[in-house]
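Structure, as structure tokens:
The values are calculated or read from the model by the stated rules, or taken from the named source; none is laboratory data. The structure presented is a predicted model; accordingly, all values stated were derived computationally and were not measured. All Cβ positions, even for glycine, are placed from backbone atoms using ideal geometry, and neighbour counts span all protein chains on display.
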């Protein structure tokens, strides 16, 4: 039995059964409440949670929307990661919408019981903050690993990218774009395997009417777009998205436009050219970010921009600069270089097709069934 607990501002809790909602987003009880959920097949027992149940241990991370703390649960003595998002007056409505979306997507993935995604334990709110408690992964994240290692050999890089591909495939199959794929959102378990985290700017496609502007469903006649995918339908076919039976604007099936968006979100260094241009995009942007991560791992630097640049300068670099392997051509194989270039092609229709990625020579010798089952030995484990 799956339960959703609603915590009101005066900390009164109401237990509600949401087992019949496993195929859809878990909705909040009202505009002033937040729900908390737990996965149905984990060792975490569904129960109410509040700040009084937790001991703060330390600050883990500070992001654009809030802070993440390591906390200890006083009930079962387990460590959790607690994301705290303030309800400051000037951003309350924006944050509420964002947090509700994050909660719904994260709850949905948790109910799917897929160990490639970080399990959500509970969410609630009080007068000052929103709270999202998730499983704590003590191994740190890929960003820390990159900082320690500087550059990776191709064997280790291949392992992380292979696991990330499986995670993205499973995410996209559920019609979800992550939109913030970067090393700090890729956690590393004590056994060395990765977990995808932070769905704060993710988008789940479930209702074509979610974006109501006509331009969302209408192709541009601008001749400058001639080198891009000629239609949203072609784009989705190129991305390998199975859209049979998908809801359509005109009532028919296979309306690929329902899987496109133009929201401006993400981390600039990892955003694709189409995101920086404000064009429509789909699941392919997560693979672009994966290409940026791979380049960073094998070269020790970013392919576009540097830490001194603002968003506009980074965007210009992403849109105009070529991927360069100068100074690394002797240490990075041509197979790896070609794979990265295929992922980071400026035109999304010239990038590697998702169905081609697993077959790329970069993964020669990889047994994908081992990757999917977490049976491929990790090249490194956190101390």
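Return yes or no: is residue 56 assigned by TED's automatic domain parsing to the domain that holds residue 191 and free of Cβ contacts under 8 Å to residues at least 40 places away in the same chain? Spelling it out, it is not the case that residue 56 is assigned by TED's automatic domain parsing to the domain that holds residue 191 and free of Cβ contacts under 8 Å to residues at least 40 places away in the same chain.
Here's the yes/no breakdown for (1) crowded, with 23+ Cβ neighbours inside 10 Å; (2) under 20 Å from the mean Cα position of the chain (by Cα):
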position: 145; (1), (2): no, yes
position: 153; (1), (2): no, no
position: 166; (1), (2): no, yes
position: 169; (1), (2): no, yes
position: 178; (1), (2): yes, yes
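Figure legend. Inter-residue proximity from region 273-286: first residues farther than 18 Å from residue 304 by Cα, second residues in a loop (DSSP other than H, G, I, E, B) and modelled with pLDDT of 95 or more, beta-carbon distance below 7 Å, spacing 6+ or different chains. Indicated pairs: 281/272. Being touching a strand residue (DSSP E or B) at 6+ places or on another chain (Cβ under 6 Å), surrounded by 21 or more Cβ atoms within 10 Å (Cβ to Cβ) and modelled with pLDDT of 95 or more is a description that applies to residue 194.
Inspection of region 146-158 finds no residue satisfying the criterion of being touching a residue at least 24 places away in the same chain (Cβ under 8 Å) and part of a strand (DSSP E or B). Of everything in region 113-136 that's under 18 Å from the mean Cα position of the chain (by Cα) and surrounded by fewer than 19 Cβ atoms within 10 Å (Cβ to Cβ), which residue is farthest from residue 185 (Cα to Cα)? Only one residue tops the list, namely 113. Can you find even one residue in region 338-357 that is outside any helix (DSSP H, G or I), out of contact with any strand residue (DSSP E or B) (no Cβ under 8 Å at 6 or more places or on another chain), free of Cβ contacts under 8 Å to residues at least 60 places away in the same chain and assigned by TED's automatic domain parsing to the domain that holds residue 203? So far as region 338-357 goes, yes, one or more of its residues are outside any helix (DSSP H, G or I), out of contact with any strand residue (DSSP E or B) (no Cβ under 8 Å at 6 or more places or on another chain), free of Cβ contacts under 8 Å to residues at least 60 places away in the same chain and assigned by TED's automatic domain parsing to the domain that holds residue 203.
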